[in-house]
Amino acid sequence: AEQKISAETLEKKRRSTQNGPIRLKGMAEGKNVIIVQLESVQQFLINLEIDGKPVTPNLNKLTKNSLYFPNVYTQVGKGNTSDAEFITNTSLYALGDIPMSSAVEGKTVPSLPRVLGQLGYQTATFHANSVSFWNRKNLYKSLGFNHYYDKKYFGTSDVISYGVSDEVMYRKTTEKLAEFHESNRKFYAHVIALSSHFPYRLPEEKKNDTLGLPKRYKDTFVGSYIEAVSYADYAFGRFVDHLKKAGLYDDTLIVVYGDHQGVQTKSPKDQELLKEIFGREYYNPLDHLNIPLIMKVPGITKGRTIETTGGLVDIYPTAANVLGLDLSKQVVFGNDLTNTDKNTVGIRFYAPTGTFINERFGFLPGKTKNDGIETFLKSRKTIPASEDSVNSMNQILKYMKQSDSYVESLK
Ligand code: GP9
């Protein structure tokens, strides 16, 4: 049965990579890799201005000379941030009800760090909280990271929420990366930012580094959220400075994405602010689960926006293409977004199982296995789902089941 799962999945992958010409293949082969996961950062903040002031000037700047994917969605389950770490490194679905760190405890999971490790890279993951949170010590072992750096390394000065501020985290991460660089081995660093964590209580002194919100945003949830992300963006800008100073910026594949949703509010005041930002009602799950994905590929100097719909499962295959890694013998459930015009992203846990988003609409399953609704991405207009959509839902459910059995079969 295991053989069958792998064969079917590989066939799916083969089909999906036949869609178009292979673009960008191997452009970052042999380069250092830094993947930054931004806590709770949703897509709508990128290029957003409030009263003429950008919320994320540093990320906006990064998009200008990178591949920028505005239509990407989170697919995390109960393991939230740690599920995002898992999916990004494996291109497997999160189970939903069980954090993946528990589901893969003691197992060896095929992954980006494992593949790069076999090519001689040092592989390390950086996060300011204790590694015991979300059972990460086991997760990192299962994913095959050579090193992890947690609270013990980062210390406890200048703390925001669960750990040192992103500023301290990025500075100390760069120090380690510079050491790796000196050892003449390539590195892959997965860097997990934390300062923009719920409930977004940014210390007063850090607010000097944020955009400075107008009065109508004061003492609102949306205001605190935007301020926290504005600080996370400021700290990310400092990271770019540190990397440039250490000579580690230009020739490195840098991937940045948001792990999961951050806006959690139903208050009328907050809804009003969201309406002001979106110019329409804030829509859950389409607006809610939409996260940014940015890839700075060495050699690409002019930015390009790639509209293809994607999910966290697609990050690894997309990065693998530019890194020149062959995934044809690995079971992955995502697609390379630079070579796929049509893609369907399956979601569960934070939306009803069977929810999917493609290049035109989001599908929400109905009460039976044969119905649902489609909401168009552009107009947000909703109609009853077609038979084709119901078939797509069943296909997605099949892939999720295959992914689950594959995870279970791993030793
Ligand atoms: C803490 C952080 C928790 O280590 O990763 O994030 P969460 O999963 O609660 O968003």
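Here the 3J(HN,Hα) profile of the range 37-45, calculated from phi with Karplus coefficients 6.51, -1.76 and 1.60 at θ = phi - 60°, is 9, 9, 5, 6, 8, 9, 4, 5, 6 Hz, Gly and Pro shown as x.
The mean accessible area for residues of the chain, using a 1.4 Å probe and ignoring ligands and nucleic acids, is 41 Å² per residue. Here the gap between D97 and S386, fully extended at 0.36 nm per residue and compared with their Cα-Cα distance, gives a gain of 101.1 nm. Measure up K207/K269; K107/K369; K245/K296 against 24 Å on the Cα-Cα distance and list the ones that go over. Too far apart for the 24 Å limit: K107/K369.
DSSP finds beta bridges in the chain, and of those with both partners inside it, around 50 percent are antiparallel. Reachable aspartates and glutamates from K275, Cα under 19 Å, same-chain residues fewer than 8 places away excluded? Within the straight-line cut-off, K275 pairs with E49, D51, D219, E227, D287. With a 1.4 Å probe rolled over the protein heavy atoms of all chains, the accessible area of L286, L24 falls in the order L24, L286, largest first. For a paramagnetic label modelled on K53 (point 7 Å from Cα along Cα→Cβ), amide N atoms under 18 Å away belong, within the range 198-214, to 201-214. The aspartates and glutamates within cross-link reach of K137, meaning a Cα-to-Cα straight distance under 16 Å and a gap of 8 or more places when in the same chain, are D83, E85, E105, D150. Electrostatic tally near V36: other residues with Cβ closer than 13 Å to its Cβ, Lys and Arg +1, Asp and Glu -1, net -3. To the nearest 10, the accessible area of Y140 is 10 Å² with a 1.4 Å probe.
Note on the chain: with charges restricted to the Cβ of Lys and Arg (+1) and Asp and Glu (-1), its dipole about the Cα centre is near 440 debye. Of all DSSP bridge pairs formed entirely within the range 86-236, close to 20 percent run antiparallel. What FRET efficiency, computed as 1/(1 + (r/R0)^6) with R0 = 45 Å and r the Cβ-Cβ distance, is obtained for R360 and K25, rounded to the nearest 0.05? Calculated transfer efficiency: 0.95.
Carbon-plus-sulfur accessible fraction, the chain (probe radius 1.4 Å, protein heavy atoms only): 49%. Placing +1 on the Cβ of every Lys and Arg and -1 on the Cβ of every Asp and Glu, with no other charges, gives the range 87-172 a dipole of roughly 280 debye about its Cα centre.
Summing charges over all other residues whose Cβ lies under 15 Å from the Cβ of K176, with Lys and Arg as +1 and Asp and Glu as -1, gives +3. Within straight-line reach of K206, meaning a Cα separation under 22 Å, sit the following lysines at least 8 residues removed in sequence or on another chain: K53, K61, K151, K172, K215, K218. Accessible area per residue was computed with a 1.4 Å probe on protein heavy atoms; Y399 scores about 30 Å².
From its DSSP helices (H runs of at least four residues, each -39,500 (n - 2.57)), the chain gives a residue-normalised ellipticity at 222 nm of -11000 deg cm²/dmol.
The values are calculated or read from the model by the stated rules, or taken from the named source; none is laboratory data. Just so it is clear, the structure is predicted and the values come from calculations on it, not from any experiment. A quick note on method: Cβ atoms are made from the backbone with ideal geometry, for glycine too, and the neighbour counts reach across all protein chains shown. Remember, those area values only see protein heavy atoms, side chains included, never the ligands or the DNA or RNA. Shrake-Rupley method; radii C 1.70, N 1.55, O 1.52, S 1.80 Å.
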